[in-house]
Structures are given as C-alpha cells and as structure tokens.
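The values are calculated or read from the model by the stated rules, or taken from the named source; none is laboratory data. In this text, all values refer to a predicted model and were calculated from it rather than measured experimentally. As a convention, Cβ positions derive from the backbone with ideal geometry for all residues, glycine included, and neighbour counts pool all protein chains shown. Accessible surface is based on the protein model in full, side chains and every heavy atom, while ligands, DNA and RNA are left aside. Shrake-Rupley method; radii C 1.70, N 1.55, O 1.52, S 1.80 Å.
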Amino acid sequence: MSNSDHLANERTLLAWIRTGIALIGFGFVIAKFVLFLHLLKPTGNTQSASIIYGEVMIILGIITILYGLYAYLAYEKDLEKGSIKPKKTENTIFSVIIIIFAIFLSFLLLF
C-alpha cells in the first residue's frame, strides 16, 4: 500500500481523537453546569443530574478515542499485509454502544 493510505489512516485517527476530546470537553461543561445553577439559585444541595450527564459524556469521549485507536491499529495491520477487510462487526458494535449511551442520556433528561 502507498504512503497516502497510511496518512489517510492517521488523519482518520486524529479525527476520532478530536471527536473524543470534544465529547470529553462537553462532558466537563455539562458537569460544571451545576455550579452555574447554584450561583443563580443557591440551595444547600449542589448535586445535580448534570454531573451524571457530564460523566456519561466523558465516558463516551474515552470510548470514542479508544475505538479510534483500535480502528487505526487494525487498519495499519491490514495495510501492512496488503489487504483491507471491512470492519462491519466492530463498527456495528461501536454504533450500538453510542446509541445505548444516547438512549440512556435521553431517559436521564426525562426524570
């Protein structure tokens, strides 16, 4: 395989990492939102569901980065062998995990 294939694989890894970092950052913003709410309406209880939402987003970001690293290493291995195999099962499992997290967050927002 050519160098451009390896470079494309690296760009894809960087995209996964950027997405994961964005999710982690957004998770921190959501988790810290409780402090903003406490400033607006001081109460004795500073615990909030936003901490749970934030933690879920942070976990989702970590999972995204780990999956991106897995995909990168798997494709590099395939590129070295000279044959690319579709990752249908892995991509499906990752998609289902993301959907489960999204459903979980949706239910948290309802209560």
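Restricting to the range 54-111, name every residue that is closer than 23 Å to F28 by Cα, hydroxyl-bearing (S, T, Y) and modelled with pLDDT under 90. Once the filter is applied, which keeps residues that are closer than 23 Å to F28 by Cα, hydroxyl-bearing (S, T, Y) and modelled with pLDDT under 90, the range 54-111 yields only S106.
Among all positions in the range 19-42, there is at least one residue which is out of contact with any helix residue (DSSP H, G or I) (no Cβ under 8 Å at 6 or more places or on another chain), surrounded by fewer than 13 Cβ atoms within 10 Å (Cβ to Cβ) and not in a helix (DSSP H, G or I). Is it true that G68 is over 16 Å from F94 (Cβ atoms) and either assigned to a helix (DSSP H, G or I) or touching a helix residue (DSSP H, G or I) at 6+ places or on another chain (Cβ under 6 Å) (or both)? Considered against the rule, which asks whether it is over 16 Å from F94 (Cβ atoms) and either assigned to a helix (DSSP H, G or I) or touching a helix residue (DSSP H, G or I) at 6+ places or on another chain (Cβ under 6 Å) (or both), G68 comes out as no.
One residue stands out among those in the range 81-111 that are open to solvent by 100 Å² or more (accessible area, probe 1.4 Å) and aromatic (F, W, Y): the one that is nearest to E55 (Cα to Cα), which is F107. Considering the conditions (1) charged (D, E, K, R); (2) buried (at least 16 other Cβ atoms within 10 Å of the Cβ); (3) outside any helix (DSSP H, G or I), D78 is excluded by exactly one of them, (3).
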